[in-house]
Each structure stands twice: as structure tokens, then as C-alpha cells.
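Below: one structure, written as C-alpha cells.
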Amino acid sequence: MISKYEIIKPPFNAIFGSMDKEHTKLYFEWFMEQIPHRVDILCSYVRSTDEFKDWSPDFQSQSLLPLGKWFCEQVTSRPRTEQEIAKIAANSPAWFTSNFDIPSDELPNETFSLSIDIGMYFGRTLEKNLPDLIWQPLLKQKNNIYYQQPIIVGKGKAQLNPVWIVKTYAYGILQEINGPERLLELYDVWAGLLSD
């Protein structure tokens, strides 16, 4: 039984959108090398919960249903600081801040790390089940929110950032708009988009 979850630690502070080509390449290589190790860590952590002791990371889409249920039980929050709220407001378009309140809760480091691990597993599951998908860093489209991050592409125009998708899923869990089945639903949506 695992006693403590090992939070993922990138080799350097990756600030997407402002890295040079060399750091973008190094981050991508590090990310890809981490996937098998992080899936093992995730598996051990999931199985340390009695209800999920038999979960198998077999990269079949149905494995996402129990993983989604487990993740819903793990997602926690912490209060955002005034500085964090001010920074989000400063970096948000005026139409957003005039129509929406910035949530007062944030994901803590462990939930962010789990989002990365589950994002890696989610992406690898798509890759194992759909032909012609590849991981690559997004090197063009500087205004794209995924710029310099690892994404998955197929033959069409769709670009998936699995880590971003799982982080968004985690925020939805906090807001009680996403449930355990949503992870599998996201797989089905993205399997369709990436196959077109």
C-alpha cells in the first residue's frame, strides 16, 4: 500500500508561452519520458484505495470510468490568495471580469499533479486505441492557449491537450458540474474529434 503520493516535479519551471525552443524541446522530452513512470505512480495510488484495489491501467477506454470515480473522490481545493485573484483578473478579458466572478477556490498541488498524471494516462489511452495519433509540442500558433505544451494530434485539425482537459475536469468536479462518468465521456468526444 502506498503511503504518500509523489507529486510530479518538472526539471525546471516551465512557463508556457515564454520558453525558448530549447526549453520547449527539453520539457516535451521530459514529459514523454515521464509517462510510463507516472502511470505506475498513479496506478499505485489508485490501488491504495480499497474500492479501487483492482483498477488496471490497461489503456482501454472503460478503465476511465473507475478512474473518473476515484478522481472525483480525490479532488480538493484551497482558498485563492488575494494576489492570485488579482493576477487572474489582470490577465482576463474585460468581458469576463464584468460578467463572471473569479472563483475563490484553487486546486492544490496534489490535485494539479494528479491532473497531469491522469492527463498522461488519458492521452496514452487515446493514442493506444486510435491509429495515427501523435504527441508533439505545439510550436506554432503563439496565441493558442496550448502553445509550447504537449498536445495530441491526428489527421484532422483537432488538437488535444490531455493535461488541460483533465485540469478543466477537476475544476468542474469542484463546481459540482462534472461527475465520475465525465472522464469517459471526454474520451468519447475526443476520440471522435481526433478521428475526423
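Observations, loosely collected:
- In the stretch 136-157, of all residues being surrounded by 11 or more Cβ atoms within 10 Å (Cβ to Cβ) and closer than 22 Å to Ser92 by Cα, the one that is modelled with the lowest pLDDT corresponds to Asn144.
- Residue in the stretch 68-81 that is out of contact with any Asp or Glu (no Cβ under 6 Å at 6 or more places or on another chain), farther than 26 Å from Pro150 by Cα and part of a helix (DSSP H, G or I) present: yes
- Within this structure, Ile85 passes the test of being part of a helix (DSSP H, G or I) and at pLDDT below 90.
- Residue in the stretch 155-165 that is within 19 Å of Leu65 (Cβ to Cβ) and touching a residue at least 12 places away in the same chain (Cβ under 8 Å) present: yes
- Within the stretch 100-135, the set of residues being among the β-branched types (Val, Ile, Thr) and either crowded, with 18+ Cβ neighbours inside 10 Å or in contact with a strand residue (DSSP E or B) (Cβ under 7 Å, 6 or more places away or on another chain) (or both) comprises Thr111, Ile116, Ile118, Thr125, Ile134.
- Filtered residues of the stretch 37-57 (kept if surrounded by fewer than 17 Cβ atoms within 10 Å (Cβ to Cβ) and hydrophobic (A, V, I, L, M, F, W, C)): Phe52
- Some residue of the stretch 22-36 being farther than 27 Å from Glu176 by Cα, hydroxyl-bearing (Ser, Thr, Tyr) and surrounded by 11 or more Cβ atoms within 10 Å (Cβ to Cβ): yes
- Taking the stretch 12-22 as the range and being modelled with pLDDT of 80 or more and over 17 Å from Asn144 (Cα atoms) as the test, only Glu22 passes.
- Test for Thr97: is it in a helix (DSSP H, G or I), surrounded by fewer than 16 Cβ atoms within 10 Å (Cβ to Cβ), among the hydroxyl-bearing types (Ser, Thr, Tyr) and at negative phi: yes
- Of all the criteria given as (1) at pLDDT below 90; (2) surrounded by 14 or more Cβ atoms within 10 Å (Cβ to Cβ); (3) not charged (D, E, K, R), the one not satisfied by Tyr187 is (1).
- Failed item, numbered, when Trp30 is tested on (1) in a helix (DSSP H, G or I); (2) without any contact (Cβ under 8 Å) to a residue 24 or more places away in the chain; (3) of a type in the set (Phe, Trp, Tyr); (4) under 25 Å from Glu185 (Cα atoms): (4)
- Residues of the stretch 46-67 that turn out to be under 17 Å from Lys128 (Cβ atoms) and part of a loop (DSSP other than H, G, I, E, B), as a count: 6
The values are calculated or read from the model by the stated rules, or taken from the named source; none is laboratory data. If you're wondering where the values come from, they're calculated on a predicted model, not measured in any experiment. Note that we place each Cβ from the backbone using ideal geometry, even for glycine, and neighbour counts take in every protein chain shown.
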